[in-house]
Amino acid sequence: MEERVEVGPWAAEAFVDYERLLKVFGAKPLTDLEVGKLERLAGESNAMLRRRVFYSHRDLDVYLNMYEAGRRCALYTGRGPSGYTHLGHILPWVFTKWLQDRLGLELFFQMTDDEKFLHEERLDLPESNRFAYENSLDLVALGFDPRKTHIIIDSEDIGYLYSIAVRVAKKITYSTQRATFGFTDSTNVGLVFYPVLQIAVCFLPTELYGEETYVLIPAGIDQDPYWRIARDVAQSLNYPKPSQIHNKLLPGLGPGGKMSSSKPETAVYTTDPPDVAAQKIMKAFTGGQPTVELHRKLGGNPDRCSVFKMYEMLFEEDDVKLSERYWNCRTGSLLCGECKAELASRVWKFLRDFQEKREREKDRLDRYLIRSKFGEPKMRR
Ligand code: TRP
């Protein structure tokens, strides 16, 4: 019996009730067991794991066992390039980079300019393609290793995907596709086909390396429908089932909801001038009281504060400092003005460095593109 939930690849609300999502989607909560094992293999603890910013998974345990046993492993994530990148988008990428660095893994990163063209009325293909390159610079600025990071731009690199995609497509009926993605009679057929391209990348590493390769996908749970199908068809196509690890979404700076391009004043873009980003933060909705007097007396509520969440999820790695901030807010000794000003200054510095690198590396994107490394796509099997 399917329960209705407002989360799918093209309709992700701000999910508040992560527990319920786990139940509906049937993923498993991340436990100390998996976190402990991953941190041991990585040789380092990770704040996003400790704080359960990444909070659920499918077969992460299997993936880690395979990694430990020396089997070939890779990472896969992606982005639908419909506009500029904001901090909510880069959150899972920061974690993905940590995995790449600590575990020495190659990353396949899919830029779905085709998907966004098909889905967004306002977007023409050259525009979504331009955003694919524009957004790729954010991966460069984050410091992904060019030798180990392979960007696939769908509309141009289709040759790497197509022979896998048609095999996947042959296994999926329209009725499954419709039930999984909520298609109707007026959905364009491009969107009906698109999911097999996103699924195809799960199996690409096995084809490219000519060897069974285990793939881990760090992503928001809104992408889960693709992986459920991928896992269903994997074995009959002789590929390992892809594993997933899911992150919570970064809240926007407004009173509710995830950071989203539909509310640009509540989103911090990697391309925002640092001063503009700082101003957005100074105007953020917080868990504070309406007046300083009341705040001093009653304290604030960091659990419902978008500014505190920014510290917790991205801008404060030190657990002791984070907990001090939490209690200083709760007891009213830390005022929202100070707390926001400090975050604004951290974000300001982050953006300054980030944009400097983005600019400096602008003409060196080639090194990241799959086509500059793997040559002419060909069928290996
Ligand atoms: N469909 C995703 C989006 O709209 C883009 C995407 C493609 C992706 N492959 C992925 C996201 C793998 C996460 C993991 O943003």
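The values are calculated or read from the model by the stated rules, or taken from the named source; none is laboratory data. Since we're looking at a predicted model, the values are computed, not measured. Because the Cβ atoms are built from the backbone with ideal geometry, glycine has one as well, and the counts that use them run over all protein chains shown. Side chains are part of the model used for accessible areas, which takes the heavy atoms of the whole protein and leaves out ligands, DNA and RNA. Shrake-Rupley method; radii C 1.70, N 1.55, O 1.52, S 1.80 Å.
Summary table below
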{"item": "For region 245-276 versus region 308-381, the gap between their alpha-carbon centres in whole angstrom", "result": "12"}
{"item": "Accessible area per residue, Å², region 340-381 with all protein chains present, probe 1.4 Å", "result": "67"}
{"item": "Diffusion coefficient, µm² s⁻¹, Stokes-Einstein with Kirkwood Rh over alpha-carbon pairs of region 283-381 at 20 °C and 1.002 mPa s", "result": "130"}
{"item": "Nearest-ten-degree value, helix 224-234 long axis tilted from longest Cα axis of the chain", "result": "30"}
{"item": "Spin-label pair Asp101/Ser323, simplified geometry with 7 Å Cα→Cβ offset, distance in nm", "result": "2.5"}
{"item": "For region 7-253, accessible area per residue (1.4 Å probe, heavy atoms of protein chains only), Å²", "result": "37"}
{"item": "Degrees between helix 154-171 axis and first principal axis of the chain (Cα, 0 to 90, nearest 10)", "result": "70"}
{"item": "Radius of gyration and Dmax over the Cα atoms of the chain, both given in Å", "result": "21.1, 71"}
{"item": "Tilt relative to the chain, helix 336-360 - C-alpha long axis, 0 to 90 degrees, to 10", "result": "40"}
{"item": "Rounded to the nearest 10 Å², the accessible area of Cys73 at probe 1.4 Å", "result": "20"}
{"item": "In nm, spacing of pseudo-spin labels at Val189 and Arg330 (7 Å Cα→C-beta vector)", "result": "5.9"}
{"item": "Gained length - Lys263 relative to Thr173, 0.36 nm times residue gap less alpha-carbon distance", "result": "28.7 nm"}
{"item": "Beta bridges by DSSP in region 7-253, antiparallel share as percent, to the nearest 5", "result": "30"}
{"item": "Within straight-line cross-link reach of Lys340, lysines at Cα separation under 27 Å, skipping those fewer than 8 residues along the same chain", "result": "Lys248, Lys258, Lys263, Lys280, Lys283, Lys297, Lys309, Lys321, Lys349, Lys357"}
{"item": "Residue-span extension gain [Glu212 to Ser45] - 0.36 nm each, minus C-alpha spacing", "result": "57.2 nm"}
{"item": "Lysines with Cα under 21 Å of Lys378, excluding same-chain neighbours fewer than 8 positions away", "result": "Lys148, Lys170"}
{"item": "Prolate/oblate/rounded label for region 102-149 (Cα gyration tensor, a/c 1.5)", "result": "prolate"}
{"item": "Gain upon complete extension [Lys297, Lys378; 0.36 nm per residue less C-alpha separation]", "result": "22.3 nm"}
{"item": "Inter-probe distance in nm under a simple model that places probes 7 Å from Cα toward Cβ, at Asn65 and Asp366", "result": "4.5"}
